[in-house]
Amino acid sequence: MTPTNLENIIARGHYLIINKNETYLIHQISNKAILKLGRDVIDLKAAIGQPFSSTYKLEPMPEKKRHYSLVICNDNQARNQWSTNGCGTDNKLITDDSSSQLLSTDEIIALKESGESGQNIVERLLENSKTFQLKTEYAQEKYLKKKARKYCDYLTIFKPSIRLITDVLYKQQTLPKTIALRFDTLAQILCRVNLDPGGKYLLYENGSQGLLQAALLNQLHDNGCLVHIFSSTSEQNALRAVKAMNFSETKIKQMLTVSLDEILNTKHEDNIPAEKVEEDVINCSDEKKRKSDEAYTQIKKKHRPITSTDGLNFIKSNKFDGLIVVCREEPTEFVKTLLPYLSLSRPFVIYSAYREVLVTIYAEFKMRRDVVFLRLTDNFMRYHQVLPNRTHPDVTMDDGGGFLFSGLFVAGTK
């Protein structure tokens, strides 16, 4: 089997995108191959060795309640079909109360725990509903979708892609801890930065769970390079999207990680003689010394010029083809620090969820002579329902696309 074919086969340790009736989640298949969905426990061993995009039916395990195994099936079997036997003209005679359903909650739970399929449970609900036949065709369709989502016993396993991961992370956003990037905003960022597969790019990011890193790495070829700059002193571990893409070790090595503090401190500490720093550390009074060797070492390193790393040396010795800044804090100072590392006539893009932050930067950069073609935009996207005689925009929508500020770095004085 060729390496390309192996990439399309589910294996232990892989990250998966699981779709259960239009509900998506990211999951890493472990050695035990167990997935917990709410109160349900699903054994994924049958999916190992199968190709991505396969559909499976959940088969109840007789010896355990709410435990299921997978049986591979085709898409036609997964499509639920119910006979409606006519419909009403309007819903004005329908009373929305619990008396319309003859089956009690205990009876429905007993059906599910007895191993009854989701198809049969929904059929029983339709048979015992006093108002279903009075609903309009559109209302019946909504009712069936709602019940199918609740009692669906099929799932599909997809290969992770940037589009799917973006949608999953966007729906799981927890503001203000994370940045909610829609896929259209992500596409605009990649377009504005004029992404070249063989280029070198600077990325200052925190809060997007590694989505920007994953998107850039996915587009870069073997000769491309990405330098991820983070603001905390500890290594950033929020790289969920990068891990979910199942990148190879070679691809991961194309991303170098550097602390913003190292970049800032090198400008000030390069002029400090090493002998003077050593003397200051040795001559500290006893009462000011740390009690542990570890703390003493940290104090020593804090005042000593930063040791060169691969990422730091790469930044010093190269000019970059683009700069992307996506963060929760006010980014003006970060952008000013990182702009000189760009090659001439190269783009920069800044994302913020708040317009006022970018308006301030825009006004300040308009006074500079080394940046041109400044643009401040926001993205507007709305889903549309396309059905016979019922085509219209979705009633509910999210306007959280954020704002983008972009421009070109050129020669000239500030």
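The values are calculated or read from the model by the stated rules, or taken from the named source; none is laboratory data. Remember, predicted model here, so these are calculated numbers, not experimental data. Reconstructed Cβ throughout: ideal geometry from the backbone, glycine too, with neighbour counts over all protein chains shown. Remember, those area values only see protein heavy atoms, side chains included, never the ligands or the DNA or RNA. Shrake-Rupley method; radii C 1.70, N 1.55, O 1.52, S 1.80 Å.
Gln236 fulfils the conditions (1) at pLDDT below 85; (2) crowded, with 20+ Cβ neighbours inside 10 Å except for a single criterion, (2). Specify the residue that is surrounded by the fewest Cβ atoms within 10 Å (Cβ to Cβ); the eligible residues are those in the stretch 318-371 that are among the basic types (Lys, Arg) and without any contact (Cβ under 8 Å) to a residue 24 or more places away in the chain. This residue is Lys366. Counting the residues of the stretch 208-220 that are out of contact with any helix residue (DSSP H, G or I) (no Cβ under 7 Å at 6 or more places or on another chain) and buried (at least 22 other Cβ atoms within 10 Å of the Cβ) gives 3. Scanning the stretch 163-194 for residues that are touching a helix residue (DSSP H, G or I) at 6+ places or on another chain (Cβ under 7 Å) and either open to solvent by less than 30 Å² (accessible area, probe 1.4 Å) or in a loop (DSSP other than H, G, I, E, B) (or both) yields Ile165, Thr166, Leu169, Ala180, Leu181, Arg182, Leu186.
Condition check ((1) of a type in the set (Phe, Trp, Tyr); (2) at positive phi; (3) touching a Ser or Thr at 6+ places or on another chain (Cβ under 8 Å); (4) modelled with pLDDT of 85 or more) across all residues:
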{"position": "Thr4", "(1), (2), (3), (4)": "no, no, no, no"}
{"position": "Arg12", "(1), (2), (3), (4)": "no, no, yes, yes"}
{"position": "Phe52", "(1), (2), (3), (4)": "yes, no, no, yes"}
{"position": "Val71", "(1), (2), (3), (4)": "no, no, no, yes"}
{"position": "Arg79", "(1), (2), (3), (4)": "no, no, no, no"}
{"position": "Ser83", "(1), (2), (3), (4)": "no, no, no, no"}
{"position": "Gly88", "(1), (2), (3), (4)": "no, no, yes, no"}
{"position": "Lys92", "(1), (2), (3), (4)": "no, no, no, no"}
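All of Arg66, Arg12 fail the test of being basic (Lys, Arg) and within 20 Å of Tyr154 (Cβ to Cβ), apart from Arg66.
Take the residues in the stretch 127-138 that are outside any loop (DSSP other than H, G, I, E, B) and either crowded, with 18+ Cβ neighbours inside 10 Å or hydroxyl-bearing (Ser, Thr, Tyr) (or both); name whichever of them is farthest from the chain's Cα centre (by Cα). Within the stretch 127-138, the match that is farthest from the chain's Cα centre (by Cα) is Leu134.
I need the full set of residues from the stretch 9-48 which are of a type outside the set (A, V, I, L, M, F, W, C), assigned to a strand (DSSP E or B) and either open to solvent by 50 Å² or more (accessible area, probe 1.4 Å) or closer than 23 Å to Ala148 by Cα (or both), in order please.
Here is the first cut: in the stretch 9-48, the ones of a type outside the set (A, V, I, L, M, F, W, C) are 12-15, 19-24, 27-28, 30-32, 36, 38-40, 43, 45.
Now narrow it down to the ones that are assigned to a strand (DSSP E or B): 15, 19, 24, 27-28, 36, 40, 43.
Those that are of a type outside the set (A, V, I, L, M, F, W, C), assigned to a strand (DSSP E or B) and either open to solvent by 50 Å² or more (accessible area, probe 1.4 Å) or closer than 23 Å to Ala148 by Cα (or both): Asn19, Tyr24, His27, Gln28, Lys36, Asp40, Asp43.
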